[in-house]
Amino acid sequence: MAPNLEVIVGTYEQFLLGYTVDDVVNEYKMEQSFATRSHFASIRSVASNKSYLASAAADDTVCLFDMNSRMESGKLTHHSDTVNSISFTPDASHIITVSSDGTIGIIRCGNWQMEKHWLKPHKGLGVDTLAVHPTGKIAMTTGRDGVLRTWNLVKGRQAYATNLVPRWKIDAKNISVLKWSPNGECYLLAANNRIDIYSVESAGIEEELSFNAKVICVEYLDDNYIAVGLADGKISIYNLQTQAQTSEIQAHDLRVKCLAVNGELLVSASSSGEIKLWSFNDESLILLNAVDCNARISCLTLTSCLNLKHRKEEANIEEVVSEKLPNKLRSKQRVVIEDEGNDENKSKRAKRKRNKKILVPICDDANCSGNTITENVKKIKTNKNENSMPTKRKGDTTQLPLSCGKKTISDFNKKRKQVENLVDKDSTELSIKKKKQKGAILEKIGQAKDKQNSIINKKKRKNTEKDRFENLEKKQKICSVENVLLKRKRKKN
């Protein structure tokens, strides 16, 4: 019985897509489970653990999703350039991010607080690849400076650095793949059409592999086999012990962009949008199923479908509880009834107690008679709503069953929806009234402001006119005085 999986892919079209993989009578089925668009640029890397899913994109952000509730939890915005790679630690306690801005961030899961932020780990140049050791104690990164750096995650500092430029025959500044082996004893580096496998003990190259096409992705099938995805659409299987190629198939028409392994299942994704499910057995690949997502895939990850199982179990729990709980809690259930005493000869005290409410146990058995209630009550009338849920006594902490008597869950949900709809209608009517009232008040305020502005403008106009008249009068007086003085001078002369 194959494990239930969920394949999650990121695309250049900014979409994050999920597909469930189920084994039904030895036939594998892949169905789309979700689709979301939370980024504003192409998605570059995705990672997942039991509870969370993270996606990194060229919009400088990392989106976080809660896989139990299937909701977005938030975004990490501590980078200022494209986030190239992300990875959870094996214990799911932290997430590590590397970016083209030249920084590395370590964030604690849960509160999503930054615990370590290396600003210039590769001399300020961009960081391209990231690989976390299976123990979670160390991590490796490569950057545009051509140096492989090892980080001590326990102490939060760099352990050592290895300059790859003099050792490689190709450009060590453009490494595309950095991967640890499952046992943590080896790691591999891939660039262009070449793969070098290093040993941790000897700190040297153990194997050198070359291909006719560019190496796009590499995945360990186990400690002895690796699957290599090439730019020409082929997948090659190599045996690391014999250092020989065991098989090679034309898996896709375009380049194999991503590979992921879970047990004996291998998932491959192409730039054309194809997602294929393979079975690895006897050093060969067997195609099980294929899906076309109609988008250019850029990254891929696998996660378990525990959340989907949990949802199915919750749906079945309601049926089981509705059958078992009423029988167990039958002795604790109560309903409200009324005593209608219409006898005119009763005393005043009896008349006061006429409509007294009494709690009596429910009897669902067919042989149950009405004498079990009381002998003094002559006429018994149940509450008007016969299908209403039973009430509780004060201090009674027992939960009421999902169904009781003629009451069913569906009827209760229908009534609850009706009440909610009425409440929503009332709330919408109140909101409309409030909006109208606010609009009327704002109109009155606007009219008052317009009046004030018009009055102020009139006053300003009057003041300007007065100033003009005063200036004219002053000028006229000055002219008259000058004329008088000129006349006097002429007379003297």
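If packing is taken as the average count of other Cβ atoms within 10 Å, what order do 471-478, 49-56, 198-205 fall into, highest mean first?
In decreasing order of mean packing, 471-478, 49-56, 198-205 become 49-56, 198-205, 471-478.
For a modelled paramagnetic label at residue 32, 7 Å from Cα along Cα-to-Cβ, the residues of segment 267-289 in reach, with backbone nitrogen under 20 Å, are 268-277, 289. Compactness ratio for segment 432-493: Cα radius of gyration over 2.2 N^0.38 Å (N = residue count) comes to 2.56.
In a reduced charge model with +1 at each Lys and Arg Cβ and -1 at each Asp and Glu Cβ, segment 95-206 shows a dipole moment near 300 debye about its Cα centre. Label-to-label distance, residue 462 versus residue 75, with points set 7 angstrom from Cα along the beta-carbon direction: 5.8 nm.
Cβ-Cβ distance of residue 478 and residue 443, R₀ of 35 Å, FRET efficiency by 1/(1 + (r/R0)^6): the value works out to about 0.10. In this structure, the pairs whose alpha-carbon distance is over 20 Å, taken from 214/257; 120/155; 137/214, are 137/214. Expressed as a whole number of Å, what is the distance separating the alpha-carbon centroids of segment 38-66 and segment 257-291? About 23 Å separates the Cα centre of segment 257-291 from the one of segment 38-66. Sorted into 10 angstrom bins from 0, the C-alpha pair distances of segment 5-311 split as 6, 28, 37, 24, 5, 0 percent.
Taking a ≥ b ≥ c as the square roots of the Cα gyration tensor eigenvalues, with a/c under 1.5 meaning rounded and otherwise prolate when a/b beats b/c, else oblate, which class fits segment 19-117?
Prolate shape, in that a/c is at least 1.5 and a/b is the bigger ratio.
Evaluated with a Cβ-only charge set (Lys, Arg +1; Asp, Glu -1), segment 5-311 carries a dipole of roughly 1140 debye about its Cα centre, given to the nearest 20.
Values in this text are rule-based calculations from the coordinates and carry no lab data. Predicted, not measured: the structure shown is a model, and the values here were computed from it. Cβ atoms come from the backbone with ideal geometry, glycine included; neighbour counts cover every protein chain shown.
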